[in-house]
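The structure appears below as structure tokens.
The values are calculated or read from the model by the stated rules, or taken from the named source; none is laboratory data. What you are looking at is a predicted structure, and each value in this text was computed from that prediction instead of being measured. Methodologically, a virtual Cβ is constructed for each residue, glycine included, from the backbone with ideal geometry; neighbour enumeration extends over all protein chains shown.
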Amino acid sequence: MGKSVIVIGTQWGDEGKGKIVDLLTEQAEAVIRFQGGHNAGHTLIINGQKTVLHLIPSGILRPGIACVVGNGVVVHLPSLLAEIDGLETRGIAVAERLKLSAASPMILPTHIALDQARERGKGAIGTTGRGIGPAYEDKVGRRSLRLADLFDERRFGERLAEVMQLHNFMLAEYYQVEPVDFAATLDQWLGMAARIRPMVIDTVAYLDGLRRSGARLMFEGAQGALLDVDHGTYPFVTSSNTSAGAAATGSGLGPTAFDYVLGVVKAYTTRVGGGPFPTELFDADGERLARVGVEFGSTTGRARRCGWFDAVTVRRAVINSGVTGLCVTKLDVLDGLSTVKVCTGYRLDGQVTGNPPLLVDQYADVEPVYEEFPGWSGSTQGIRTLDGLPADARNYLRGLEKIVGVPVDMISTGADRDHNIILRHPFD
Ligand code: GDP
Ligand code: IMO
Ligand code: MG
């Protein structure tokens, strides 16, 4: 049997998962996305050249690696084709290496219109506007059109008519916005079918075969633990399970197929969109993290909110995902700060707790309890050995390890593929 590694984000997304997946894929045969959709934005920087991936797994820049979109992913075909074209015009072979699950639900134009219509109302949470929530609602509501449905065009047209009728009713009557044209959508989707069909396979059988042949598989999470629809800061979450368990349901391999879970964590915290964020900073330190960390969304370009490391939420993520080891990213962004803080607990109603509150509204009354660490004056930028780090940076990492209770197995010291310290390789 081969070895399977899951990489997940342990905060509110954008922890640097894409960079780490690309790096570790040097030792893998396939990379598999298992949840989310093109709401993800995963940045890879190789020899200074930047690539942002949304749906295509972050193994695509490694020649010969198979890239699989599992059944747990919701797929917007026009975005997928645009992403394939963008890579292929750069000379990267994509189509023959990309495998799409026949069971993946499709994101339709009406899902996007519904997402955006809701975001104009008072229930707005700052989604990416990509139709993710409405598409997952239809999956659970057993209404989805799945990629396999492209194989029977007549039946596809009938099902599309039914589901768009429902969506358009909501758009026109409830949200009072323009409905989406059915005939144009049908034409557009059937026009894409011939290109998509050769990539659509039984990904469960394919992955099981790879595993049996001894292949090493890399499962790439999207979003982060605190955006998990069950365990995150509900309702300010995405509409899928982002924790490691989703690698099983979203790929079709059972839980015993996985050997190691890598929790990617920023050395501080960021969040895009609305929702609780107890350690958020509104001062010069926060402004500095945003500026030095270049904290703008990879998908929507929105400014990310910034704050100190929150061990309460990361510890919860470790429990939810059974994290084996941590990869601490963006350590270099903390260079030059005089003091670095870590939230070790929340004070709520006079009591200190190590757990998140039961009610999302209680976050407003939570006061973070901080442990302070001395900052460091030397640079960690691009450092590739533990000994090469300033002593106080090593001290900070040891502190995180102790407070979170999981070993730091990797450290990222810059955006480039080569800027890392690997203490334990997840495939070893
Ligand atoms: P993902 O969604 O988890 O893949 O993360 P994003 O790509 O959305 O955001 C992470 C950002 O941080 C990207 O711009 C990366 O190029 C950058 N990045 C990743 N690791 C590091 C690091 O160690 N240091 C610095 N300075 N930037 C990093
Ligand atoms: P990666 O994979 C950061 C956030 C949105 C919003 C909430 C719901 O790059 O880490 P959605 O469009 O999913 O319904 O939006 O989730 N969000 C992300 N934040 N990184 C992401 O992906 C995100 N994907 C969704 O900002 O708050
Ligand atoms: Mg991102």
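On the given criteria, is LEU210 more than 30 Å from VAL265 (Cβ to Cβ), away from ligand 3 (no atom under 16 Å from the Cβ) and of a type in the set (A, V, I, L, M, F, W, C)?
Numbers: more than 30 Å from VAL265 (Cβ to Cβ): no; away from ligand 3 (no atom under 16 Å from the Cβ): yes; of a type in the set (A, V, I, L, M, F, W, C): yes.
Answer is no for this residue.
For (1) hydroxyl-bearing (Ser, Thr, Tyr); (2) in contact with a strand residue (DSSP E or B) (Cβ under 7 Å, 6 or more places away or on another chain), each residue gets a yes or a no:
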residue: SER240; (1), (2): yes, no
residue: ALA246; (1), (2): no, no
residue: LEU253; (1), (2): no, no
residue: GLY307; (1), (2): no, yes
residue: VAL312; (1), (2): no, yes
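Taking the residues in region 228-240 that are closer than 15 Å to ILE319 by Cα and surrounded by 24 or more Cβ atoms within 10 Å (Cβ to Cβ) as candidates, determine which candidate is farthest from ligand 2 (Cβ to nearest atom). Top of the filtered list is ASP228.
Yes/no per residue for (1) more than 9 Å from ligand 1 (Cβ to nearest atom); (2) without any contact (Cβ under 8 Å) to a residue 60 or more places away in the chain:
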{"position": "GLU15", "(1), (2)": "no, no"}
{"position": "ALA28", "(1), (2)": "yes, no"}
{"position": "LEU44", "(1), (2)": "no, no"}
{"position": "VAL52", "(1), (2)": "no, no"}
{"position": "SER58", "(1), (2)": "no, no"}
{"position": "CYS67", "(1), (2)": "yes, yes"}
{"position": "PRO78", "(1), (2)": "yes, no"}
{"position": "LEU81", "(1), (2)": "yes, no"}
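Under the condition of being farther than 28 Å from ASP428 by Cβ and among the polar types (S, T, N, Q), the residues counted in region 298-348 number 7.
Criterion first (within 10 Å of the chain's Cα centre (by Cα) and of a type in the set (A, V, I, L, M, F, W, C)) does VAL7 satisfy it? If you could, list the steps in order and put the result at the bottom.
Working: within 10 Å of the chain's Cα centre (by Cα): yes; of a type in the set (A, V, I, L, M, F, W, C): yes.
The answer is yes for VAL7.
Among the residues of region 164-181, those that are closer than 24 Å to SER79 by Cβ, surrounded by fewer than 16 Cβ atoms within 10 Å (Cβ to Cβ) and hydrophobic (A, V, I, L, M, F, W, C) comprise LEU166, VAL177. Residues in region 390-413 that are part of a loop (DSSP other than H, G, I, E, B) and within 24 Å of TYR260 (Cβ to Cβ): GLY405, VAL406, PRO407, THR413. One residue stands out among those in region 278-303 that are among the aliphatic types (A, V, I, L, M) and not in a loop (DSSP other than H, G, I, E, B): the one that is modelled with the lowest pLDDT, which is ALA303. Just checking, does region 271-294 include any residue being within 17 Å of the chain's Cα centre (by Cα), farther than 27 Å from GLN116 by Cα and not aliphatic (A, V, I, L, M)? Scanning region 271-294 turns up no residue that is within 17 Å of the chain's Cα centre (by Cα), farther than 27 Å from GLN116 by Cα and not aliphatic (A, V, I, L, M). Within region 145-161, the set of residues being within 17 Å of PRO78 (Cα to Cα) and either basic (Lys, Arg) or not in a helix (DSSP H, G or I) (or both) comprises LEU145, ARG146.
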